[in-house]
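To keep things clear, I will list the structure first and then write my remarks on it.
The values are calculated or read from the model by the stated rules, or taken from the named source; none is laboratory data. On a predicted model such as this, the values are computed, not experimentally measured, just so you know. Backbone-built Cβ (ideal geometry, glycine too); neighbour counts: all protein chains shown.
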Amino acid sequence: MKIVETKSELRREIKKYKKDSKTIGFVPTMGFLHEGHLKLIEEAKKENHIVVLSIFVNPLQFGPTEDFDSYPRDRERDEQLALEAGVDLIFTPHVNEMYPVIPSYTVNVSDRVDVLCGKSREGHFNGVATVLTKLFNLINPDKAYFGMKDAQQVAVIEGLISEFHFPLKIVPVATIREEDGLAKSSRNVYLNDVEREEAPMLYKSLLSAANAIKDGEKDVNSIKEKVSQILTNETTGKIDYVEVLSYPELKEISVISGKIIIALAVKFTNARLIDNITLEV
């Protein structure tokens with residue numbers, strides 16, 4: 001496994017792979033790897049000759065009330081996990097390597113961002129789209145792998161790929177969960193003991209909604225109320241949102257039909273957790 005920190009080093013390695021007609025699977029991350037990331041690597045390894053992993057805590061994704069400096073980092077552990085998972089190349093740039101000056105050009109995302117997490121994190125997906133545009137151009141992957149835990153991000157990236165005609169395929173990978181159903185997340189470490197016991201109710205509330213739909217419930221408000229009631233009764237967290245939308249368009253609907261997403265966000269003391277399921281109705 002090779003580790004590079006500069007754009008020039010990265011381009012040199014990518015050029016070698018392309019010269020040898022190697023297909024490249026790309027897994028972009030902000031580090032502090034967990035099983036969700038390792039699943040993305042596993043899928044990329046199955047489908048490509050080479051797996052490239054980026055580890056970059058992107059400052060453009062952080063809002064004014066979000067602390068970029070406190071985001072969890074453990075480079076040595078990340079590199080060991082990546083090595084064990086079979087990653088071929090890690091790109092770990094410093095901030096000034098990706099943004100050597102205050103950016104004059106950024107990507108502005110105007111679709112699929114005014115709902116769910118995008119509603120309360122203004123500019124977040126502009127940061128995501130900007131850094132991915134840079135990374136896609138540097139790495140030129142054949143496929144890029146993203147977890148469906150952040151389904152809104154997947155929808156936005158699919159739009160980015162289509163809009164800018166990137167010659168690559170986005171591969172959504174199912175959410176990896178703990179045995180009790182809680183979605184794997186680097187933010188789970190911020191839950192206290194009581195909150196950790198309550199947190200699996202997020203997924204259970206989504207499953208309850210899915211069962212209601214399978215039993216014939218078509219009213220969006222009824223489904224949202226069902227999820228909200230479970231979260232209110234069974235957790236001490238504060239509901240940020242519960243939404244039922246079309247997917248991947250992320251448009252409001254009144255009657256449940258077609259492909260939909262049921263998504264939620266709950267704020268605990270020191271962690272804001274998200275989860276979702278998608279259904280074809």
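Details
- Every pair of residues 6+ apart whose Cβ atoms lie under 6 Å, when the first sits in region 121-136 and is outside any helix (DSSP H, G or I) while the second is small (Gly, Ala, Ser): 121/63
- Matching strands (runs of 3 or more DSSP E) fully within region 13-110 where at least 2 residues are closer than 30 Å to residue 249 by Cβ and not aliphatic (A, V, I, L, M): 24-29
- Here is the figure for region 1-39: residues that are among the hydrophobic types (A, V, I, L, M, F, W, C) and either without any contact (Cβ under 8 Å) to a residue 12 or more places away in the chain or surrounded by fewer than 17 Cβ atoms within 10 Å (Cβ to Cβ) (or both) total 2.
Results for (1) surrounded by 18 or more Cβ atoms within 10 Å (Cβ to Cβ); (2) in the same structural domain as residue 38 (by TED's automatic domain parsing), shown as yes or no for each residue.
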{"residue": "147", "(1), (2)": "yes, yes"}
{"residue": "150", "(1), (2)": "yes, yes"}
{"residue": "155", "(1), (2)": "yes, yes"}
{"residue": "158", "(1), (2)": "no, yes"}
{"residue": "164", "(1), (2)": "no, yes"}
{"residue": "167", "(1), (2)": "no, yes"}
{"residue": "181", "(1), (2)": "no, no"}
{"residue": "192", "(1), (2)": "no, no"}
{"residue": "197", "(1), (2)": "no, no"}
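- Residue in region 72-79 that is farther than 30 Å from residue 23 by Cα, surrounded by fewer than 18 Cβ atoms within 10 Å (Cβ to Cβ) and in contact (Cβ under 8 Å) with a residue 40 or more places away in the chain present: yes
- Residues of region 137-158 that turn out to be part of a helix (DSSP H, G or I) and either of a type in the set (Asp, Glu) or farther than 30 Å from residue 21 by Cβ (or both), as a count: 9
- Cβ-Cβ contacts under 9 Å between residues 6 or more apart (or on different chains), taken from a first residue in region 232-243 that is assigned by TED's automatic domain parsing to the domain that holds residue 220 to a second residue that is among the aromatic types (Phe, Trp, Tyr) and surrounded by 14 or more Cβ atoms within 10 Å (Cβ to Cβ), are listed as 235/268; 236/268; 237/268; 238/268.
- Given (1) over 30 Å from residue 48 (Cα atoms); (2) in contact with a His (Cβ under 9 Å, 6 or more places away or on another chain), index of the condition residue 192 fails: (2)
- Long-range neighbours under 8 Å by Cβ, at least six apart or interchain, first residue within 22 Å of residue 6 (Cβ to Cβ) within region 97-109, second assigned to a helix (DSSP H, G or I) and among the aliphatic types (A, V, I, L, M): 98/131; 99/60; 103/60; 106/60
- Residue in region 41-59 that is farthest from the chain's Cα centre (by Cα), counting only those that are farther than 17 Å from residue 80 by Cβ and of a type in the set (A, V, I, L, M): 50
- Selection within region 162-183 - over 18 Å from residue 149 (Cα atoms) and in a loop (DSSP other than H, G, I, E, B): 165, 166, 167, 168
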